[in-house]
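Heads up, the thing below is written out as structure tokens.
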Amino acid sequence: MTTTHAASHGLRLPPGQRAVEGFPRFGTHLHHPAPEVPAHHAIEVRGAVRAPFSVSMADLARLPRRETTADFHCVAGWSAIDLRWEGVGFDCFYREVVAPALDPAAVVTHVVFGGLDHHRSVVTIEDALAGDVLLAENLDGRPLDSDHGAPVRLVSPSQYGYVSTKHLSRIEVRTAPPTTSHGSLALRLLEEHPRSRVWAEERHGTLPGRWVRPVYRWLIPPLRALCARGGSAPRGAAEQ
Ligand SMILES: Nc1nc2c(c(=O)[nH]1)N[C@H]1C(S)=C(S)[C@@H](COP(=O)(O)O)O[C@H]1N2
Ligand SMILES: [Mo]
């Protein structure tokens, strides 16, 4: 199945986004080089399941494949155009692998996706099961490199980039949202929206998306500088 999000009409980009050349490495953990991938990488499934279990890359390879061509939108305001992802649809993974293992009494409301670098994203079950959400292993016909989330990442093109956890190593199914402690002022300023849908400009938990646009945009150059120091060669024109 192929899903194409790239609208051919004039309203191609969601509000407040600007296209960049190429696809920069970006994120919340840029001060570190991309994590080493263990030789036998596996995704741990835990939470509202009868017992936690691991899904190896070989297990994943046995599920039906799906391709999604979509633009990728970072909350800081850059968009990478026309990326072709290939992997396993998260709805299929959920139906085939997670659902049979669920605690029978559990009513799942949220899924938490965790990465090897401890980045994590919280997604409502409705958003996680949308048809364009993938556990992606390939980008533009090649296996993911470490910049973009080797060996497997979440890709949720309708939500801001921080949802798309790279180096995916943990999937936690939950019956309530996790409680996040926004202790410091800095964390409160960058409060995530519970849905994070790009076309609704849900950039922030409490403030209107268009208000926080300029603040997030200022963050791009310092974050890119961190990326360069993190040991990974920056490529493409990331700066606005
Ligand atoms: N594991 C992990 N996943 C992550 C991040 C991160 O720092 N670590 N950053 C997020 C953010 S904010 C963005 S915009 C995208 C960037 O993806 P890219 O580096 O492939 O461009 O990854 C998201 N997923
Ligand atoms: Mo981002």
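Annotations for the structure displayed:
- Segment 165-182 - residue that is closer than 20 Å to residue 42 by Cα and touching a Lys or Arg at 6+ places or on another chain (Cβ under 6 Å) and, of those, surrounded by the fewest Cβ atoms within 10 Å (Cβ to Cβ): 172
- With respect to (1) open to solvent by 40 Å² or more (accessible area, probe 1.4 Å); (2) touching a Ser or Thr at 6+ places or on another chain (Cβ under 7 Å); (3) touching a residue at least 60 places away in the same chain (Cβ under 8 Å), the lone exception for residue 81 is condition (2).
- Flag if residue 206 is open to solvent by 60 Å² or more (accessible area, probe 1.4 Å) and free of Cβ contacts under 8 Å to residues at least 24 places away in the same chain: yes
- Here residue 92 clears all of (1) open to solvent by 50 Å² or more (accessible area, probe 1.4 Å); (2) assigned to a helix (DSSP H, G or I); (3) in contact (Cβ under 8 Å) with a residue 12 or more places away in the chain except the condition numbered (1).
- If the condition is being crowded, with 19+ Cβ neighbours inside 10 Å and outside any loop (DSSP other than H, G, I, E, B), then segment 15-54 contributes 20, 43, 45, 47, 49.
- Residue in segment 10-30 that is free of Cβ contacts under 8 Å to residues at least 60 places away in the same chain and among the acidic types (Asp, Glu) present: no
The values are calculated or read from the model by the stated rules, or taken from the named source; none is laboratory data. What you are looking at is a predicted structure, and each value in this text was computed from that prediction instead of being measured. Every residue, glycine among them, receives a Cβ derived from its backbone with ideal geometry; neighbour counts consider all protein chains shown. Please note that ligands, DNA and RNA were not included when accessible areas were found on the heavy atoms of the full protein model with its side chains. Shrake-Rupley method; radii C 1.70, N 1.55, O 1.52, S 1.80 Å.
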